[in-house]
Amino acid sequence: QVQLVESGGGLVQPGGSLRLSCVASGIMFRIYRMGWYRQAPGKQRDLVAHIASSGSTYYTDSVKGRFTISRDNDRNMVYLQMNNLKAGDTAVYYCNTDSPMEAWWGQGTQVTVSS
């Protein structure tokens, strides 16, 4: 049974930072390119960043230079360091593979950027 569990969200002021974590179980984690996605209220879920097992990364334009994705293959974890957060980053954040498996979506973690 595959399980992806996200954590680390919260309420932060504009310009602040958060570090999200996702732990995966039930999959051969190291073979997958893992991604972080986000869904704002009333909008579709979009890819934010992904990272291959080799460490190569991709970021959507709006987060380049502010977010950093990383992974620990030994612990089956993927992280998203988010700096200089903006109101537009407010969303529920999820992890999944870069070709997301519908049945693998977890509960996500809420990130709210507000003063």
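Which shape class applies to segment 47-108: rounded if a/c is under 1.5, otherwise prolate when a/b exceeds b/c and oblate if not, where a ≥ b ≥ c are the square roots of the Cα gyration tensor eigenvalues? Numbers along the way, then the final one.
Details: a/c = 1.76, a/b = 1.24, b/c = 1.42.
Because a/c hits 1.5 or more and a/b fails to exceed b/c, segment 47-108 counts as oblate.
Split the accessible area of the chain by element, probe 1.4 Å, and carbon with sulfur accounts for 46%. With the whole protein complex present, residue 64 retains an accessible surface near 120 Å², based on a 1.4 Å probe.
Candidates 29, 53, 115 compared by Cα position along the dipole of the chain: farthest toward the positive end lies 115, with charges placed on Cβ. Counting only protein heavy atoms and a 1.4 Å probe, segment 1-107 has 53 square angstrom of accessible area per residue. In terms of accessible area, using a 1.4 Å probe and ignoring ligands and nucleic acids, 38, 33 rank largest first as 33, 38.
Treating only the Cβ atoms of Lys and Arg (+1) and Asp and Glu (-1) as charged, compute the dipole magnitude of the chain about its Cα centre; round to the nearest 20 debye.
Roughly 160 debye, rounded to the nearest 20.
Normalising the Debye intensity of the chain to I(0), with uniform scatterers on Cα atoms only, and taking log10 at q = 0.14, 0.17, 0.18 Å⁻¹ returns -0.50, -0.74, -0.84.
The values are calculated or read from the model by the stated rules, or taken from the named source; none is laboratory data. The structure presented is a predicted model; accordingly, all values stated were derived computationally and were not measured. As a convention, Cβ positions derive from the backbone with ideal geometry for all residues, glycine included, and neighbour counts pool all protein chains shown. These accessible areas exclude ligands, DNA and RNA; they are computed on the full protein's heavy atoms, side chains included. Shrake-Rupley method; radii C 1.70, N 1.55, O 1.52, S 1.80 Å.
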